[in-house]
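The values are calculated or read from the model by the stated rules, or taken from the named source; none is laboratory data. Keep in mind that what you see is a predicted model, and the values were worked out from it rather than measured. The area values use the complete protein model at the heavy-atom level, side chains included, leaving out ligands, DNA and RNA. Shrake-Rupley method; radii C 1.70, N 1.55, O 1.52, S 1.80 Å.
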Amino acid sequence: MILPVFIAMVAGWLPRHQPHVMTYLQEETRVLKAHHGGRRLRLTATERRRLAALAHPLGRKRLQEGATLATPDPFLRWYQRLIAQQFDGSTPRP
C-alpha cells in the first residue's frame with residue numbers, strides 16, 4: 001500500500017522540482033567557472049570517463065545550451081576514446 005503512494009509522490013516531485021534543480025546546477029557551474037578563471041581544468045581519467053558517458057546521450061546541441069565546464073567537443077571526443085578503448089583488444093573479453 002505504501003509503494004503506490006511513494007511512486008505517486010516521486011512522480012509528482014520530479015516534473016515540479018527538476019527545472020529548479022537544473023537551474024541551480026547551471027548557476028553553480030557558472031560560479032565555479034568564474035572562480036576558476038580562464039585556466040584550463042585538469043580532470044582525471046575517471047572524471048573524463050564519467051562526464052563523457054553522461055554527456056553523450058545529451059548530444060552537442062543540448063550541451064551547448066547548458067552551462068558546461070567545457071565546450072561539447074571535448075566531452076564527445078572523450079566518449080569516442082572511451083568506446084575505442086573498449087574495442088581495441090587491450091583487455092580480454094569474458
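In this structure Ile2 has an accessible area near 140 Å², from a 1.4 Å probe over the protein heavy atoms. A 1.4 Å probe, protein heavy atoms only, puts the accessible area of Leu58 near 80 Å².
Measuring nothing but how far apart in sequence close Cα pairs (under 8 Å, 6+ apart) lie, relative to its length, region 1-87 scores a relative contact order of 29 percent. The helix-only estimate of mean residue ellipticity at 222 nm for the chain, built from DSSP H runs of length n ≥ 4 each weighted as -39500 (n - 2.57), is -24500 deg cm²/dmol after division by the residue total. Residues in region 38-49 carry Karplus couplings, in order, of x, 6, 6, 7, 10, 9, 6, 4, 5, 5, 4, 4 Hz; the curve used is 6.51 cos²θ - 1.76 cosθ + 1.60 with θ = phi - 60°, and Gly or Pro positions show x.
Accessible surface of Leu54, taken over heavy atoms with a 1.4 Å probe and every protein chain present, rounds to 130 Å².
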